[in-house]
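In what follows, a structure is listed as structure tokens, so that the remarks can point back to it.
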Amino acid sequence: NCMAPISPLGSFGVRVALIVCLLATPGLVHIGKVLLLHRGKFTGRTPAVIGTTGMIFMALILSIVSSLVYPFQCQQHPNGLSTMRGDDGVVCWTGDFDSDHERMIALSAVACLMPFAYLSMITRVVWQLPSKIQEGNSEFLHRFCFLFSRFHLDYYWYVLVFIFRNVLVALVPILPGSVLQWSTLTALMIASSFACLYMRPWRTFEANMLDIFFTTCLIMLLIVGGPFVEDAQAQQSGIFGVLLLCLICLAGLGIFGFAMYERFLRRGKPFQFFLCHHKVGAGNLARLLKMHLLENLRVHRKVFVDSDDLSDLNGLFGHVRSEVDDLVVLCSREVLLRPWCVGEVATAFLNNVPVVKVILSDFVPPDAADIEAYGEMESMLMLAEYGISTKMIQDAI
């Protein structure tokens, strides 16, 4: 505006154009790269551009939707007129199709087809995922791995919860009245926090804790700031905020009490021993050893064998980390070549869980060359999804 006057409609048009350019850039770069380096052979190279564009949309969808619905953000005045929050000179809903606001609404409606198409696409992809896995369609999984790689397989659909939550947060400013906006946003954040706390859908423990921590901080900020909302119903928002704060404090005390009980009053961990074994080399021995241990009078708690006690493969390393006293490794010939067994040993090493080795006749202890070779084993790469690196494996072994 300092260099050249620009109307509100023009300003909004520039905003929409920048979003279109941002989303089109990966596609244009991909086309140029394929034409120059691969002589126009696009076959088999679409996953890269789909993943890049999808990740940009996924990361910025809150900002994109918030920018595109900007014309719908109006505020009521005592004289009965409504103006846009970002520009008091634009009167909302005049009924005149030649006004800036009506044209901005039309442009916004057309531009919103972009996030609508994206949401429709990812919903369809999530719906198709189970059938594609059964078909063994690895190309489909590679193309849309940006949607599922961060979540546990049991909660592959949580990507929809994550994205639709961000979309709803972006739509909150178009609601009438500050109190309604505040209460809706608070309710969304509380529901999101409890969902993450209950399901822990992210693949790593740290990601779940960060999600819960930052969402809880936002909830506290909303509750503390609620009584200061300038609105005709500010008193109601203050009462609602105080009630929510009391409820959260009571829930926090309950969680703290439960944690203290688990830590100091509950007698030991649920499993006294965890039998780590290669099923082909020591499956029968693991069953026999479990039977003998349970008959021993000094064994007062359960003995973990995965075929008996494991209900969710994603929780395997969690059992080793926090629910067993000792990890018993039945050292058969190939036990240290199996990724799940190696992951159990590495998890025990990282969390100071005592390890007891039962050496079998065909076991050959690994030497320095064998340990170094773990960095080249493709079968061990899957452990990276659970936060276990090659360096951790080598240190543990």
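The values are calculated or read from the model by the stated rules, or taken from the named source; none is laboratory data. A quick note: this is a predicted structure, and the numbers were derived from the prediction, not measured. In this analysis, Cβ positions are derived from the backbone assuming ideal geometry, glycine residues included, and neighbour counts consider all displayed protein chains. For the accessible areas, the whole protein counts, side chains as well, though only heavy atoms, and no ligand, DNA or RNA atoms are used. Shrake-Rupley method; radii C 1.70, N 1.55, O 1.52, S 1.80 Å.
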Between 0 and 90°, nearest 10: helix 46-68 axis offset from the chain longest Cα axis
50
Local electrostatic count at Pro201 - Lys and Arg +1, Asp and Glu -1, tallied over other residues with Cβ under 15 Å
-1
Assuming 0.36 nm per residue, please report the length gained on full extension of the stretch Thr204 to Asp308 beyond their Cα-Cα distance.
35.0 nm
The chain: calculated mean residue ellipticity at 222 nm from DSSP helix runs of at least 4, using -39500 (n - 2.57)
-19000 deg cm²/dmol
Here are some pairs, Lys279/Lys357; Lys41/Lys132; Lys269/Lys302; which of them have Cα atoms lying more than 18 Å apart in this structure?
Lys41/Lys132
Nearest-ten-degree value, helix 279-295 long axis tilted from longest Cα axis of the chain
80
Order by protection proxy (mean Cβ within 10 Å, highest first), peptides 321-332, 291-302:
321-332, 291-302
Got a number for the accessible area of Ile359? Probe 1.4 Å, square angstrom, nearest 10.
100
Residue separation between Cys217 and Ile133 times 0.36 nm, minus their alpha-carbon distance, gives in nm 26.5 nm
